[in-house]
């Protein structure tokens, strides 16, 4: 199907998503398509690169893996299969969730770096999807304020903590991993 034929009043599944013939990237949330913005700003990409590097170095020789967007995450692949997101970064420790096209099921950790065009989707829509899917740790990184909101899943709800660029941030799902945010936000 051509992307121009996508309708907001119709619900789609992963099978539909996988068949779309388009140069644009989309996410699918509860069956609704959301076109993703063009390439993020340089600051966004720098933060993503810095976080990816720090976590990848920690994970060297370990079971967990980190992946950067674009990388399809089918949050409800086992039931409904109508939500496919492309977080900025994901950490997956259960390798049985990995396949050639991405991840089927909830990653252990998701990191979203806010962009003006997608901030509300990351803060509200995706927050609720990650909670419902059981993502154990969800970071929302704000390049403008140089802060990170860390959401830890406990007893079916997220408990949030805020960190500033001068803080070191422990990664809950990766015991022993600590991120120096001054290095993450450095230009």
- Query: Is it the case that residue 11 is out of contact with any helix residue (DSSP H, G or I) (no Cβ under 9 Å at 6 or more places or on another chain), touching a residue at least 60 places away in the same chain (Cβ under 8 Å) and either assigned to a loop (DSSP other than H, G, I, E, B) or exposed (fewer than 15 other Cβ atoms within 10 Å of the Cβ) (or both)?
  - Reply: yes
- Task: Scan the range 25-50 residue by residue and report those that are surrounded by fewer than 16 Cβ atoms within 10 Å (Cβ to Cβ), farther than 20 Å from residue 130 by Cα and in contact with a helix residue (DSSP H, G or I) (Cβ under 9 Å, 6 or more places away or on another chain).
- Result: 39
- Note on the structure: Selection from the range 115-134 of residues in contact (Cβ under 8 Å) with a residue 40 or more places away in the chain, outside any helix (DSSP H, G or I) and either in contact with a strand residue (DSSP E or B) (Cβ under 9 Å, 6 or more places away or on another chain) or within 22 Å of residue 31 (Cα to Cα) (or both) yields 117, 118
- Query: So, of the residues in the range 29-65 that are in a helix (DSSP H, G or I) and free of Cβ contacts under 8 Å to residues at least 12 places away in the same chain, which turns out to be farthest from residue 143 (Cα to Cα)?
  - Reply: 57
- Restricting attention to the range 66-95, the residues that are in a loop (DSSP other than H, G, I, E, B) and either at pLDDT 95 or above or at negative phi (or both) number exactly 15
- Query: Which members of the range 169-187 meet the condition of being surrounded by fewer than 16 Cβ atoms within 10 Å (Cβ to Cβ) and either touching a residue at least 24 places away in the same chain (Cβ under 8 Å) or within 25 Å of residue 40 (Cα to Cα) (or both)?
  - Reply: 176, 180, 182, 183, 186, 187
- Mind listing just one residue for me: the one in the range 52-68 that is farther than 14 Å from residue 98 by Cβ and in contact with a helix residue (DSSP H, G or I) (Cβ under 8 Å, 6 or more places away or on another chain) and, of those, surrounded by the fewest Cβ atoms within 10 Å (Cβ to Cβ)? 68
- Query: Does residue 178 satisfy the criteria of being farther than 20 Å from residue 57 by Cα and in contact with a strand residue (DSSP E or B) (Cβ under 6 Å, 6 or more places away or on another chain)?
  - Reply: no
- Query: Taking the range 141-168, which residues are surrounded by 14 or more Cβ atoms within 10 Å (Cβ to Cβ), assigned to a strand (DSSP E or B) and free of Cβ contacts under 8 Å to residues at least 60 places away in the same chain?
  - Reply: 142, 147, 148, 149, 150, 151, 152, 153, 158, 163
- Item | Filter result for residue 107 (without any contact (Cβ under 8 Å) to a residue 40 or more places away in the chain and under 22 Å from residue 55 (Cα atoms)) | yes
- Residue check, residue 138 more than 21 Å from residue 30 (Cα to Cα), at pLDDT 95 or above and not in a loop (DSSP other than H, G, I, E, B): no
- Residues of the range 96-127 satisfying the condition of being in contact with a helix residue (DSSP H, G or I) (Cβ under 7 Å, 6 or more places away or on another chain), at pLDDT 90 or above and within 22 Å of residue 142 (Cβ to Cβ): 110, 111, 112, 113, 114
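The values are calculated or read from the model by the stated rules, or taken from the named source; none is laboratory data. Since the structure is predicted, the reported quantities are computational estimates derived from the model, not experimental observations. In this analysis, Cβ positions are derived from the backbone assuming ideal geometry, glycine residues included, and neighbour counts consider all displayed protein chains.
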